[in-house]
Amino acid sequence: MFRHKGKTRTPLHNLRLASILSAVAGMVNVTGYLAIGQLTTNVTGHFAYFAEDLSHGNYYRAGVLLLFVLSFLTGAFVSGCLTEFFSRRNDRYRYMVPVLLEGLILVALSLLPLLAAERWTYIIACLLLFAMGLQNALVTSVSNAIVRTTHLTGLFTDLGIELAQWSYYRQPDDRKKLRTSIKLRIVIVGCFMAGCVTGGILFSHLHMKVLLLAAMLLATALTYDTLRYQVLLLRRKYHHHR
């Protein structure tokens with residue numbers, strides 16, 4: 001789901017990628033909100049609060065919100081840099097390194113007790129936003145901008161447009177393409193919500209350790225992808241020697 005690109009990439013690859021990483025984003029979203037009272041998977045709301053605080057002269061708070069936005073941007077920038085760096089040196093690590101970095105951040109934050117989390121609110125928010133910037137840029141690059149997993153606004157917009165098109169398009173090829181796209185967007189919404197609900201239920205028992213579960217999902221995705229790739233190489237090698 002990470003390695004295939006271009007013509008070799010299928011809707012199934014995007015579906016697998018979207019289902020796992022949108023669930024991760026959902027868990028991060030609810031954990032960040034319940035633990036530190038901050039939105040940590042997108043920056044739209046932070047821009048609105050930034051403008052409000054700036055207009056009211058609350059420059060310190062406005063500066064903090066600007067830092068949140070820049071943390072997400074930095075995560076996306078670092079993800080892009082890592083992707084480009086490894087694509088020129090060892091393509092098999094092209095997407096593995098950003099996912100590993102995101103996982104390490106989530107594991108590190110999961111080890112914090114809740115009292116420490118409440119004390120270091122802004123730092124934790126910046127780290128989670130950085131991790132989600134990493135993920136969003138990674139998914140965008142892998143899927144050729146088809147999949148988004150950290151926020152739902154654009155997703156619901158696209159879904160609404162496609163549902164309207166479904167009512168009017170009659171050609172089999174058009175309807176097949178629409179059906180594939182609608183299915184993908186519904187899966188992303190469903191898995192994001194499932195991640196939010198699961199994280200919300202578990203937070204009362206696990207607190208910040210919910211992020212450990214999110215990191216385990218990332219590890220599962222990487223392991224699955226690596227094993228599938230190794231099996232594919234073995235099959236090619238076997239057929240080549242026959």
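The values are calculated or read from the model by the stated rules, or taken from the named source; none is laboratory data. Just so you know, these numbers come straight off a predicted model, no measurement behind them. Note: ideal-geometry Cβ built from the backbone for every residue, glycine included; neighbour counts use all protein chains shown. Just the protein is used for accessible areas: all its heavy atoms, side chains included, with ligands, DNA and RNA removed. Shrake-Rupley method; radii C 1.70, N 1.55, O 1.52, S 1.80 Å.
Across segment 90-113, what is the number of residues that are open to solvent by 20 Å² or more (accessible area, probe 1.4 Å) and more than 23 Å from residue 46 (Cβ to Cβ)?
First, pick out the residues of segment 90-113 that are open to solvent by 20 Å² or more (accessible area, probe 1.4 Å): 90-94, 96-97, 100-101, 104-105, 107-108, 111-113.
Narrowing the set further to residues that are more than 23 Å from residue 46 (Cβ to Cβ) leaves 90-94, 96-97, 100, 104, 107, 111, 113.
The number of residues fulfilling the criteria is 12.
Would you mind finding the one in 71, 79, 19, 87 that is hydroxyl-bearing (Ser, Thr, Tyr), open to solvent by 20 Å² or more (accessible area, probe 1.4 Å) and touching a residue at least 12 places away in the same chain (Cβ under 8 Å)?
When all the criteria are applied, what remains is 19.
Condition test on residue 41, is it under 26 Å from residue 116 (Cβ atoms), polar (S, T, N, Q), in contact with a helix residue (DSSP H, G or I) (Cβ under 8 Å, 6 or more places away or on another chain) and touching a residue at least 12 places away in the same chain (Cβ under 8 Å)?
yes
With open to solvent by 60 Å² or more (accessible area, probe 1.4 Å) and either under 16 Å from residue 199 (Cβ atoms) or assigned to a loop (DSSP other than H, G, I, E, B) (or both) as the only criterion, which of 33, 49 stands out? First the steps, then the outcome.
Values: 49 fails: either under 16 Å from residue 199 (Cβ atoms) or assigned to a loop (DSSP other than H, G, I, E, B) (or both).
The unique qualifying residue is 33.
Please tell me if residue 191 is farther than 19 Å from residue 43 by Cβ, among the hydrophobic types (A, V, I, L, M, F, W, C) and open to solvent by 20 Å² or more (accessible area, probe 1.4 Å).
Details: farther than 19 Å from residue 43 by Cβ: yes; among the hydrophobic types (A, V, I, L, M, F, W, C): yes; open to solvent by 20 Å² or more (accessible area, probe 1.4 Å): yes.
When the stated conditions are applied, residue 191 passes them.
Every residue in segment 161-179 that is surrounded by 15 or more Cβ atoms within 10 Å (Cβ to Cβ) and within 26 Å of residue 25 (Cβ to Cβ), please.
Residues satisfying the conditions are 162, 177, 178.
So which of 157, 153 is surrounded by fewer than 17 Cβ atoms within 10 Å (Cβ to Cβ), at pLDDT below 85 and under 21 Å from residue 41 (Cα atoms)?
Details: 157 fails: at pLDDT below 85.
On inspection, the qualifying residue turns out to be 153.
Go through (1) in contact with a Ser or Thr (Cβ under 9 Å, 6 or more places away or on another chain); (2) open to solvent by 20 Å² or more (accessible area, probe 1.4 Å); (3) at pLDDT 90 or above one by one and return the number of the condition residue 42 breaks.
(3)
Somewhere in segment 215-229, is a residue touching a Phe, Trp or Tyr at 6+ places or on another chain (Cβ under 6 Å), in a helix (DSSP H, G or I) and either modelled with pLDDT of 85 or more or open to solvent by less than 60 Å² (accessible area, probe 1.4 Å) (or both)? Explain how you work it out, then say what you get.
Taking segment 215-229 as the starting set, the residues that turn out to be touching a Phe, Trp or Tyr at 6+ places or on another chain (Cβ under 6 Å) are 225.
In the following step, the residues that additionally are in a helix (DSSP H, G or I) were identified as 225.
Checking the rest, the ones that are also either modelled with pLDDT of 85 or more or open to solvent by less than 60 Å² (accessible area, probe 1.4 Å) (or both) come to 225.
Checking segment 215-229: at least one residue is touching a Phe, Trp or Tyr at 6+ places or on another chain (Cβ under 6 Å), in a helix (DSSP H, G or I) and either modelled with pLDDT of 85 or more or open to solvent by less than 60 Å² (accessible area, probe 1.4 Å) (or both).
Which of the following residues is touching a Gly at 6+ places or on another chain (Cβ under 8 Å), closer than 21 Å to residue 48 by Cβ and part of a helix (DSSP H, G or I): 156, 72, 68? Don't jump to the end; show me each part of the working.
Working: 156 fails: touching a Gly at 6+ places or on another chain (Cβ under 8 Å); 68 fails: touching a Gly at 6+ places or on another chain (Cβ under 8 Å).
Criteria check complete, one pass: 72.
Quickly run through segment 99-150 and pick out the residues that are outside any helix (DSSP H, G or I) and of a type in the set (Phe, Trp, Tyr).
Filtering segment 99-150 down to residues outside any helix (DSSP H, G or I) leaves 111-113, 120, 143-150.
Selection gives 120 alone.
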